[in-house]
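Colleague: Before I ask anything, let me first share the structure, which is written out below as structure tokens.
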Amino acid sequence: MSHSAKILPFPPRSLAECLSPREWELRARDFLAIPADKRTDADRETFLCSPEILLSICALLRRNRDLAPTAVLSEAASIYQWISRPSCDLGLFDERDYFLGETALVAGGASRLVGKREEAFLWLDRAEAGFRHTMNPAPGLANVAYARLALRFEMGRHQDVLELTPSLEASFTKLHMEVEAAKCRLLLAMTLKMTGEHSGAIELLDRMHRNPALSSDLFLRAKILAELGDLHQLQGQFGLAMEAFQEASELLQEKEPSPARADLKLCVGATYKALGSLGAAKEAYRAAQQEYSALEMPGPVAYTRLLIAETLLEMNHDREAEWEILAALPAIDDIKMVPEGLAAMGLLRESVRRRNTDTSALKQLRAQLQASR
């Protein structure tokens, strides 16, 4: 050893650092179980100043983000604010910057799900700032880039997604992040669907859903199958569509609401509608709307209400359709829309007021909202 080398005086390991991963997760659950208004600074010092426990907290928040986005946004924002304090003593190296990035990334994803796009972009900027100061920033920055692409997709910026997704997928592949690479391919397929490239999207998804790397991610596999089924029904291949939907349904046996199951019901409704079974389509759409409502996802709820309204109009239930439109409009007001969408919303609002629903404006507005589901 060189005479110029120094032995760093590492502090003794705390009790939390001696726990097993399972015990860290239990401690993380203990913290999250404390009501936010009952937590003390001592609680936060005990739980949030342990990198291992904080890592488990972040994992739990990521796992629950799609199931309870509003609650996860509140938790992630609160933790971010706590560890962003200059006086916060967290870890020995870059742990504080890493957890600033992780909590901001979770908050950004949850913000997107509840329709707060501008807030989502700000959280992603914060996440990038945190990861940029870590010793290995590449994985975190790649996840931030994916979250930004998902926002662009929802905003209808499909050419951006088509251009940037292949490079990001290559980055995930180089980093051996197979699940994230698969999410990129799914996003690309969804964009191809939106731009009318149905055959290319089917070819891409057909290779994906049997990927062994996705065997542990049932929600992602179900989402892939739901999108594949939807593409088949758009091509008029209703038998293949129902096969994909059935396989996706078998992966989603839990009773709790989930975006994957709501998306699946939406796709099933579209297939029933294409087959002319309007009553069955309405029921499937209603079931999807109820799941989105339980998940507190206003954008998808509004989109699904417009689908229900279109179906009711085809069934000559005009008054019921007006009720659905009126219920959807307040949530749509909060969504940043392109001028075409705003114009369609104005026409639709006025036509409903006059009790003569403008179906073309309804279809245009619904198309503008489609990506946000």
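Colleague: Can you tell me which residue in region 269-286 is nearest to the chain's Cα centre (by Cα), limited to those that are free of Cβ contacts under 8 Å to residues at least 24 places away in the same chain and more than 18 Å from LEU326 (Cβ to Cβ)?
Modeller: Of region 269-286, the ones free of Cβ contacts under 8 Å to residues at least 24 places away in the same chain are 272, 276-277, 280, 283-284, 286.
Now narrow it down to the ones that are more than 18 Å from LEU326 (Cβ to Cβ): 272, 276-277, 280, 283-284.
On the way: TYR272: 26, GLY276: 31, SER277: 30, ALA280: 27, GLU283: 24, ALA284: 21 Å.
Across region 269-286, the extreme among qualifying residues is ALA284.
Colleague: Looking at (1) out of contact with any His (no Cβ under 9 Å at 6 or more places or on another chain); (2) part of a helix (DSSP H, G or I), which is the only condition THR271 fails?
Modeller: If we test THR271 against (1) out of contact with any His (no Cβ under 9 Å at 6 or more places or on another chain); (2) part of a helix (DSSP H, G or I), just (1) comes out false.
Colleague: Still on this model: Can you tell me which residue in region 45-104 is surrounded by the fewest Cβ atoms within 10 Å (Cβ to Cβ), limited to those that are in a loop (DSSP other than H, G, I, E, B) and at pLDDT 90 or above?
Modeller: Taking region 45-104 and keeping what is in a loop (DSSP other than H, G, I, E, B), we get 49-50, 65-68, 84-94.
Keeping just the survivors that are at pLDDT 90 or above gives 65, 84.
Numbers: ARG65: 22, SER84: 15.
Of everything passing the filter in region 45-104, SER84 is surrounded by the fewest Cβ atoms within 10 Å (Cβ to Cβ).
Colleague: Shifting gears a bit: Restricting to region 236-262, name every residue that is polar (S, T, N, Q) and touching a helix residue (DSSP H, G or I) at 6+ places or on another chain (Cβ under 8 Å). Before the answer, list the steps.
Modeller: Pass one, region 236-262, residues polar (S, T, N, Q): 237, 246, 249, 253, 258.
Within region 236-262, SER249, SER258 qualify.
Colleague: So for region 261-281 (the condition being polar (S, T, N, Q) and within 24 Å of LYS116 (Cα to Cα)), does at least one residue qualify?
Modeller: Of region 261-281, the ones polar (S, T, N, Q) are 271, 277.
The next check asks that each one be within 24 Å of LYS116 (Cα to Cα); those that pass are none.
Within region 261-281 (the criterion being polar (S, T, N, Q) and within 24 Å of LYS116 (Cα to Cα)), the answer is no, since none of the residues qualifies.
Colleague: Just to check your reading of the model, which residue among GLY140, GLY108, GLY200 is under 24 Å from LEU225 (Cβ atoms) and without any contact (Cβ under 8 Å) to a residue 60 or more places away in the chain?
Modeller: Numbers: GLY140 fails: under 24 Å from LEU225 (Cβ atoms); GLY108 fails: under 24 Å from LEU225 (Cβ atoms).
On inspection, the qualifying residue turns out to be GLY200.
Colleague: Looking at (1) assigned to a helix (DSSP H, G or I); (2) out of contact with any Leu (no Cβ under 7 Å at 6 or more places or on another chain), find the lone condition where LYS255 falls short.
Modeller: Only one criterion is unmet by LYS255, namely (1).
Colleague: Do you know which of the residues in region 190-218 that are at pLDDT 85 or above, part of a helix (DSSP H, G or I) and among the charged types (D, E, K, R) is surrounded by the most Cβ atoms within 10 Å (Cβ to Cβ)?
Modeller: Among them, the one singled out is LYS193.
Colleague: Can I ask one more? Within region 108-124, can one find any residue that is surrounded by fewer than 22 Cβ atoms within 10 Å (Cβ to Cβ) and more than 18 Å from the chain's Cα centre (by Cα)?
Modeller: Looking for residues that are surrounded by fewer than 22 Cβ atoms within 10 Å (Cβ to Cβ) and more than 18 Å from the chain's Cα centre (by Cα), one finds none in region 108-124, hence no.
Colleague: Residues being crowded, with 24+ Cβ neighbours inside 10 Å and of a type in the set (A, V, I, L, M, F, W, C): count how many of those fall in region 223-259.
Modeller: 8
Colleague: If you take the residues in region 22-44 that are in contact (Cβ under 8 Å) with a residue 24 or more places away in the chain and more than 16 Å from ASN64 (Cα to Cα), which one is surrounded by the fewest Cβ atoms within 10 Å (Cβ to Cβ)? Lay out the reasoning, then the answer.
Modeller: Start the filter on region 22-44 by keeping residues that are in contact (Cβ under 8 Å) with a residue 24 or more places away in the chain, which leaves 24-25, 27-29, 31-32, 36, 44.
Narrowing further to those that are more than 16 Å from ASN64 (Cα to Cα): 24, 27, 36, 44.
Values: TRP24: 21, ARG27: 21, ALA36: 10, ARG44: 17.
Top of the filtered list is ALA36.
Colleague: Can you pull out every residue in region 233-243 that is of a type outside the set (Gly, Ala, Ser) and more than 13 Å from GLY196 (Cα to Cα)?
Modeller: Residues satisfying the conditions are GLN233, GLN237, PHE238, LEU240, MET242, GLU243.
Colleague: In region 265-324, which residue that is within 22 Å of ALA248 (Cα to Cα) and of a type in the set (S, T, N, Q) is surrounded by the most Cβ atoms within 10 Å (Cβ to Cβ)?
Modeller: Only one residue tops the list, namely THR304.
The values are calculated or read from the model by the stated rules, or taken from the named source; none is laboratory data. The structure displayed is predicted, hence computed values, not measured ones. Reconstructed Cβ throughout: ideal geometry from the backbone, glycine too, with neighbour counts over all protein chains shown.
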